[in-house]
Every structure is written in C-alpha cells, then in structure tokens.
Amino acid sequence: MSHSHKLVIKRSSMSRPPPPPPTTNKDQQHQNPSLQEINIKLIQSGEKERLKELLRERLLECGWIDEMKALCRAFTRKKGRNNVTVDDLVHVISPKGRASVPNSMKAELLQRIRAFLASTAD
Amino acid sequence: MSSKINGHVSPQPCPHLLVFRSRNGPKPFRALQDCIRVKPPGGRAAIRREPTEVPRCGTCEESSRSRLYACVACAAVFCHAPLLHSHASDHSLSIPGHEIAVDVDRAELFCCACGDQVYDRDFDAAVVLAQTVNATATTSTSGSTAMQCSVAGSQPENLRKRRRVDYRPWEPDSGEHISRGNQSIPLLDATNASLVSSTQQPWGFRGLNNLGNTCFMNSILQALLHTPPLRNYFLGDRHNRYYCQQKNGAINGTKNSRLCLACDMDALFSAVFSGDRTPYSPAKFLYSWWQHAANLASYEQQDAHEFFISMLEGIHEKVEKDKRKSQSPAGSGDCCIAHRVFSGILRSDVMCMVCGFTSTTYDPCVDISLDLEPNQGGSGKSSSAKSLNSFNFEADCMRPNQNCGISTLKGCLERFTRAEKLGSDQKLFCQKCQVRQESLKQMSIRKLPLVSCFHVKRFEHSSIRKMSRKVDRYLQFPFSLDMAPYLSSSILRSRFGNRIFPFDGDEQDASNDLSTEFELFAVVTHSGRLDAGHYVTYLRLSNQWYKCDDAWITQVNESIVRAAQGYMMFYVQKVLYYKESENQGTS
C-alpha cells in the first residue's frame, strides 16, 4: 500500500522536472535548506519540542513504547541486571524501534514539518 | 550495583562519579543548576547554557543528533552515537576527570566511560526543584542544604507514615469460643451435602429475591458476597453477629437494639454460604439499611453505586465509635473491614501555570468514578486500532485529537490521570503568587486498595436543565488490569524522567510490583432507561462467568459479559484472586 517516507529531503531524482532558471542569491539561499538549517529553525521556534511531544503521545497510543520497554526488559533479564548499560539497550532496540514506527505516524510528522517550513518561509 | 535504603532501591554511583564527587567539593553540580531550563512551567527539564542555545557537538558541529551530552567538568557539548562515533567518549578519554556528562535534552547524568546512566541525589533534587519552582528565579540558593530543606518541606501534612504492626495469628477468645459452639451451623455435613452436590454451581451461590425494585441492592450484594477479602473476613468469623450484639448490650426485639450493618452482612454471608440453594430474601438487610440511610428508604429504584457507598459508610460507622480505631490515619484501612478492602489513596497535584509552584494533597477514596468520553469515538475497526501486538500496526486515523474505535476502561483511567488545564473560571489560589492563577491539575493513585471499584458515570443529572439522562455508550473493560501506569510513581516519572526523588518517603511500598496487577471478578450492569431499568451482576470464579439476575443464577459465556454495559467493575489484586480459584473444590 505505502512507500516509506523519508524525513531527509531528496536532493536529486530521475523523475524530477528540470530545475527552474537561475535566481538571485537571496532566493537560492532558501532553496533546499540543509538538515542543519531546518533543525535550527525547528528548535528556535519551539516547534521541535511540540513535535516531540506529539510523537511521544502517538508512540504511546500505539503501544510502541510498551513494546520497547518489553524488549529492554527481556534483554536485561537475559544479560543480568548488573551487566546492562544504557548504551547496550539503545544499541539493541534502535533498529527494531526505527523499523516499527508506523508509516502513518511518519507521514503525519512529515506533513507537520512541511507545513511549518512553508508557513515560516520568507 | 544497587542497594536498598528503607526498602527503596538506590543505584550506586559508578567509580567515575565517585571520583568526580570527591574532587569537586560539596556542590559538584552547582554550575549545572543554573543551566536547568524548564519550559513551559511543568514541562520537561533540559540543560541549556543560554535559554535560546541550540546545542551542537563541539567536534562535528552536528545539532540534529539524538543524544547530545554536556561535559559536567567543562560544559563542552558532544554527540554520542556509539555505533557511528562518540565524540563524548573521545572527550572523556582525552581528559581524565571529564567522564561525567549530562544529557542536554533529558537532564540525566551519564558516565561516558561506563556507557551508562548514573544517578546523583543532589542533582536529581535540583532538577525536580527546577521543574516545580519558577524556572526564571534569580535568587541564588546557597547549595544543596537549602534545596533539600525546601523540597523536604513540600511533603504534605495530611500524610503520616504508616505504622507497621507485627503479625499475630488469630485465636478466638473465650467469648468467641462460646458463641461459636452455640450458634454456628456446619457448612458441609450429611444433611445438606445432597443439596451441594446436586448443582454444578460453586460454593456460595444463591439467588436473591427482588423485594420490589431492589435489584440495585441485590446486584451490589452479589458482588460483595464474592469479594475475596470481604468473603474471607465474614466467613472467617471476624465479625460475629451474636457476639457483637451482646457487646453492644442490645436487647432483642426492642427499639433500643442498635443496628449494625456488619452484623447483617454476617447473617447474609451465613445464609448464602449455608449450602441451601433456594433463593434468599434479604428483607432484614433491606430494613437495616433503610434505617441507616433514611433519605434513600423508599420503594423506588435506587442507584446501585449510591447504595454501595452508603453500605461501606454503614459498616464503617459502627466501628468508629471504638476510640482505639479512630486514631488510624485516613486511607490506611485500619478502621474497618470496608476500608481495609476498598480504601485507596488518591494524589492530587495542582500546579500554578504562572510560577510552576505545585501543591500536593492526598485523599482516601473507596472507588474511582470515571467519565465516559465527551465525544463519540470513530466508527468501525475498533479492535485493529487498539492492537498492541503487531509491529506493522498502522493507525486508522491521523488527526491528532480523534479517538479511534470504542471507549475503554483504560482510556478512562488515562484521562483520569492526565494533566488537565483548569478553565479560566476555575482559577485556584497559588501560595507562591498569593493570588488566584490558572492551574494545571493532575490526579494519580498513591496507594492501591485490595479491591478497586470503578464506577462509570452513566447517569447525568443536570440541575440547570432540570433533567437527567443515561449514557448508554458501550465501554470495553479488560479481565486483567495492570494499574502501574496510573500510580503516582509512574505519573511522577513521566513528568520528571528517571530520578531519585528526594521526598520519596515510603512511596516504594505503594508501588510494589506484585500489587499492581488486578483481576476482574464482578461486573454490575444496568440495562434500560434511567427511570425504568434493571441491574444484573456477573461474577467470575475460576475463569467461569455466572449471571446473577435477582433470584436466578446461571452460567454464561464470557462473550456475554464482554458485551454487557458495565456500570461498576470490581477488580481484586491478582494474588488474592488466584488463591480463591485454587480453593474451589466442590462442583
């Protein structure tokens, strides 16, 4: 049904229409902002914190957080409570965690970020 | 790696943290204290040198990595992604004494050498304080002692430490020996064994005749008759009705005989568990209750929940006259069996939206009344929307505030413990600001009872519109319920993160792992209209469900129960439930 949504903006693609004619320096600055620039905009406006809260709520609702907790518990039981560090747990659950985020959630957040960028574009 | 202090598990510091503390004087985290930012008041704590700082890794300039740590020794920020690279680890290896760092987004300590989270009481106290006090306060606190004092002072007055009593096995005294001999009837003997074995129902099942709109009473009585700790109490002869009346000096048959609802309960238990399967008429009980709750005495249908509350009060009232027992703190359940079984403690946090000052109060409660959702949830696909087991789950709805599918008991509990912004017409007085301010209120459960009773507010009475109506919306309820997420300790953890709390007190025994799991054993349902309805109770024994409809008790399939319209749900602590199931011998 769905293709996976990537949060990184694609820089080039075979199916993309030919690029617009060269523009002034001012305009060029705001085309294809880098990940860093987007991140800073999100943080400084407070939008990143809002998005994080929304994400937390969504992940809780769909049981993702409970699943991760269960994974951590299972791993800790296997290794022994005193032999597990935070880094171990992050290492163990990160791939599964990333893979199991629902596509609809990714779509929702991507949509919000796009809307935010559009609304704050100069 | 951890030790127990007063029963509370406290993580031991790693060697690097110990060295750090010993090298940096009595206030090793003093500089960090000024960098704790909380916005808005009540939000999460973060570490920022300036309020508008965008943290970046000092080595690679990255600001979008998910784990950024600030070195506590030199305040430099680095990223930490052990699979790719960890500039935080590089930093800690390059300069000895710089192993301890703090997560800039979570305000939690981390040891780069151990690769693990570490805990420090003073630091955690500072974070908790920052989150509950004005984030922009300019007054400089003079170190950890001032912090500890003001935080310790926030423990509310009305919660006293619970005294523990040594275990003493019960032995009947001389009076009890006599009354036992004279008045008790054997439960299982040759004469009534035939009655018992002729049916397939478990012990203690007996229909209750409807005496004229008394199904509200019958339904609650059936639930109470099979509430494990209550059943054990009365069948264990802990309140002997003959002995009790003698104690009160009552003269049989005269107006001076004091009524005692507990004695009537005792009589009811004896009648229902006698082995006689013919329906019983609880007329004496009804009459006693009428005398106790005169305002509810009528031939009309009553609210089962109101009856339940007034019954518990009735059992409690009798005992309160005993001076010795009235000394016990509220919510401890030491006063009477009704409270011992049903009483829990609710915690209410009210936070001023302007300065962040939080006032906490504790109140005992015998049940929790829950509101159904104000808006109708989305249609269809209810079970798939709530599936928690599939990794490939996709939410059916994407709009932020829409609820998918049906209302659930867990949803109600989540809403009950959610932080709620009180309206501008409900401003509460803030001790710090000294004026009424808009507030944020959050409920949580400080202590769980042995039996949790949930009451669904299905009857709405509006005095303004002068009408009442019944909410028929279906509510899904689980057979097994874990109350852990609704405990104060869980709510606090989600508010503040992983912390050692300076004012823990005896929180630990309230959140014992064993006692947060509950099993459903009784459901009181209501069908029909507000003015013309009928109460029926479903009981669960050894995973078998029985329908108690006044005088008729029949075995039913669990799907019937799941589909029923729950009005009151009774859950008992799992340990007590399974014990009961083991003892069901006769069939």
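Miscellaneous remarks
- Some residue of the stretch B:68-76 being modelled with pLDDT of 85 or more, out of contact with any strand residue (DSSP E or B) (no Cβ under 6 Å at 6 or more places or on another chain) and surrounded by fewer than 16 Cβ atoms within 10 Å (Cβ to Cβ): yes
- Subset of the stretch B:89-106 (residues that are more than 39 Å from the chain's Cα centre (by Cα) and away from every other protein chain (no Cβ under 11 Å)): B:ASP90, B:HIS91, B:SER92, B:LEU93, B:SER94, B:ILE95, B:PRO96, B:GLY97, B:HIS98, B:GLU99
- Across the stretch B:107-135, the qualifying residues are those that are part of a loop (DSSP other than H, G, I, E, B) and aliphatic (A, V, I, L, M), and the one among them that is farthest from the other protein chains (Cβ to nearest Cβ) is B:VAL133.
- For the criterion of being surrounded by fewer than 18 Cβ atoms within 10 Å (Cβ to Cβ) and over 25 Å from B:ARG23 (Cβ atoms), B:PRO96 fails.
- Scanning the stretch B:75-88 for residues that are part of a loop (DSSP other than H, G, I, E, B) and within 11 Å of another protein chain (Cβ to nearest Cβ) turns up B:PRO82, B:LEU83.
- Hits in the stretch A:44-60 (condition: facing chain B (nearest Cβ under 9 Å) and buried (at least 16 other Cβ atoms within 10 Å of the Cβ)): A:GLU49, A:ARG58
- Scanning the stretch B:208-219 for residues that are at pLDDT 90 or above and out of contact with any Ser or Thr (no Cβ under 8 Å at 6 or more places or on another chain) turns up B:ASN210, B:THR214, B:CYS215, B:PHE216, B:MET217.
- Complete set of residues in the stretch B:533-556 that are touching a residue at least 60 places away in the same chain (Cβ under 8 Å), surrounded by fewer than 20 Cβ atoms within 10 Å (Cβ to Cβ) and assigned to a loop (DSSP other than H, G, I, E, B): B:SER542, B:ALA551
- Screening the stretch B:189-207 for residues that are surrounded by 12 or more Cβ atoms within 10 Å (Cβ to Cβ) and either modelled with pLDDT of 90 or more or among the hydrophobic types (A, V, I, L, M, F, W, C) (or both) and picking the one that is farthest from B:GLN544 (Cα to Cα) gives B:ALA193.
- Any hit, the stretch B:311-329, residues being at pLDDT 75 or above and assigned to a loop (DSSP other than H, G, I, E, B): no
- Condition met for B:MET467 (surrounded by fewer than 21 Cβ atoms within 10 Å (Cβ to Cβ) and free of Cβ contacts under 8 Å to residues at least 24 places away in the same chain): yes
- Count of the stretch B:266-285 residues, restricted to those that are modelled with pLDDT of 90 or more and in contact with a Gly (Cβ under 9 Å, 6 or more places away or on another chain), is 6.
- The residue that is farthest from B:CYS114 (Cα to Cα), among those in the stretch A:80-122 that are loosely packed, with under 14 Cβ neighbours inside 10 Å and away from chain B (no Cβ under 12 Å), is A:ASP122.
- Residue in the stretch B:131-140 that is touching a Leu at 6+ places or on another chain (Cβ under 8 Å) and at pLDDT below 75 present: no
- For the stretch B:18-63, filtered to residues that are part of a helix (DSSP H, G or I) and touching a residue at least 60 places away in the same chain (Cβ under 8 Å), the residue that is farthest from the other protein chains (Cβ to nearest Cβ) is B:ARG30.
- Members of the stretch B:363-380 that are assigned to a strand (DSSP E or B) and either out of contact with any Ser or Thr (no Cβ under 8 Å at 6 or more places or on another chain) or at pLDDT below 85 (or both): B:SER369, B:LEU370
The values are calculated or read from the model by the stated rules, or taken from the named source; none is laboratory data. Just so it is clear, the structure is predicted and the values come from calculations on it, not from any experiment. Backbone-built Cβ (ideal geometry, glycine too); neighbour counts: all protein chains shown.
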